[in-house]
Amino acid sequence: MPVASRNDPVFAAVDLGATSGRVITARVGRGAPVLTEVHRFPNTPVRLPDGLRWDVLALYQGMLDGLRTAARSGPVASIGIDTWAVDYGLLDADGALLGMPFHYRDSRNAEAAARVLARCGARELYAVSGLQQLAFSTVFQLAAHGGAAQWRSGRTLLLIPDLLVHWLTGTVGAEITNASTTGLLDARGGTWSDALIDRLGLDRALFPPLREPGDTAGTLLPHVAEFTGLPAGTPVTTVASHDTASAVAAVPATEPGFAYISCGTWSLAGLELTDPVLTEESRAANFTNERGVDGTVRYLRNIMGMWLLEECRRTWDRSGTATSLAALLARAARARPFAAVMDPDDPSFLAPGDMPSRIDAFLVRTGQAPPDSRGGYVRCVLESLALAHRRTLRQAAELAGREVNRIHLVGGGSRNELLCQWTADATGLPVTAGPAEATALGNILLQARAQGLVGDLPDLRRLVARTQELRHYSPLGDRRAWDRAAARLEHG
């Protein structure tokens, strides 16, 4: 298929991840959109005396620098922003930011859930929000940090992408796919739950009006336009600002019965539904009901993801003996299968730090011998992730009463051939891998859709399937070996 023409409009996606941010552009027209990374910048949290914080000012400056680079290549038709979920900034009555936003991996979050659950039980919370219970969800963070002095001056709460949109445009709103991760959105009605907000003693005025993907958030403020070189009338379009929601929008599914895994720092594994699943069985299994594009429900569970491997690599790099990812994967392919398996969602793996030592501790605690090589650690991580994918998708299908016949694995993890093949082997289902840049692609195509260049969600996905490079993996090997490994993990 020919690529998009030079006469087609250019869209800019600001895509912020846990370790870096990017500004990516693409033309969208009759041909295939080709994504170009025009600027990349680090995302380095800062540990202050009161906790772990995001350096959101550095992120904002990196975004502006990227937009200035994008402007040099020609007119930009629209800008969209997606980031991780749950974290927020507080504005005072003048719209000024009150302190740097806390990081969801800040250790204080772990102590806050009990305070919230004492006031509003787990069943009641789930019946309203349908969210998986995670210690870093916004509803728990508010309890962890709600006693700070800045709260006395706080007037508006903005999740990270909404904060950045506010700085670009001066407007205030809450994009709904990200708002659904706070634990304060009604899963059935898609509105802020006034009853829950009141029950938890929060000020309803903190929570701004909701926006849907495709809404125009505003246009660039004059000083932003001057710095970036973009016209002052350049629109900022509301996309699915939770990065997973943008990634799921770009899943290249052309038939029903699919499951997805958005695999990066986290593996978000689940199904796309029309209605939330709010049963007690679903709550006990810790599944979440988050909003997707066009009122869909992302029924999924968070799995720790490639964070485990990246933290291992950071530990090894700090030791002065760095090894490339390609070399580590080659060693993992030769390592003994199923020598050790772990639960990726064990709480001990959440915080940054020495991941190999924590893996050792988990394995010793469960009666297993730690790996004796780096290849063994990588194999343990990837096989354990494949087993977690299997367990999660089987549970999701059972709880939702759906049949799954194919898995779409998108995001950076789709480049990891071992993980893709082992996910197919573990689940017994074919895996379609790609696009690797699903989040940025979803961001850009949702902007293009808002301007009438792309049709409905099925049309958007058919465009992705038709134009992007995909790889296909069929189940191989002895399924019984995966069954035995799963049983060891379950009963370990």
At q = 0.19 Å⁻¹, base-10 log of I(q)/I(0) for region 156-204 (Debye sum, equal scatterers on each alpha carbon): -0.65
Indicate the helices, whole DSSP H runs only, in the chain that combine a mean Kyte-Doolittle hydropathy of -0.5 or more with a Cα extent along their long axis of 30 angstrom or more. 374-400
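Going by average Cβ density within 10 Å per residue, which order do the peptides 263-270, 451-458, 219-226, 245-252 take, highest to lowest? Each step should come with its number before you reach the end.
On the way: 263-270: 25.4, 451-458: 14.0, 219-226: 15.9, 245-252: 28.1.
So the order, starting with the most tightly packed, is 245-252, 263-270, 219-226, 451-458.
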For region 430-492 and region 86-115, what is the separation of their Cα centres, given in Å? 32
With x for Gly and Pro, the residue-by-residue ³J(HN,Hα) of region 217-222, computed from phi through the Karplus equation 6.51 cos²θ - 1.76 cosθ + 1.60 at θ = phi - 60° and given in whole Hz, is 7, x, 10, 4, 5, x
Just for the chain, what percent of DSSP beta bridges are antiparallel, to the closest 5? 70
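Rg/Rh for region 10-237 to two decimals, with Rh computed the Kirkwood way over all alpha-carbon pairs. If you can, show how the numbers build up before the last one.
Values: Rg = 18.2 Å, Rh = 18.4 Å.
Ratio value, two decimals: 0.99.
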Let me make sure I get this right: for region 191-265, a, b and c are the square roots of the gyration tensor eigenvalues over alpha carbons, sorted descending. Under 1.5 in a/c it's rounded, otherwise prolate if a/b > b/c, else oblate. Which is it? oblate
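Can you order the peptides 126-134, 432-440 by their average number of other Cβ atoms within 10 Å per residue, highest first? Write down the numbers at each step before the final one.
Details: 126-134: 21.7, 432-440: 25.8.
Going from most to least packed, we get 432-440, 126-134.
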Would you give the gap between the C-alpha center of region 249-303 and the C-alpha center of region 195-219, rounded to a whole Å? 23
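Only the coordinates and a few stated rules stand behind these numbers; no lab work does. This one's a predicted model, so the numbers in the text were calculated from it and none came from an experiment. Methodologically, a virtual Cβ is constructed for each residue, glycine included, from the backbone with ideal geometry; neighbour enumeration extends over all protein chains shown.
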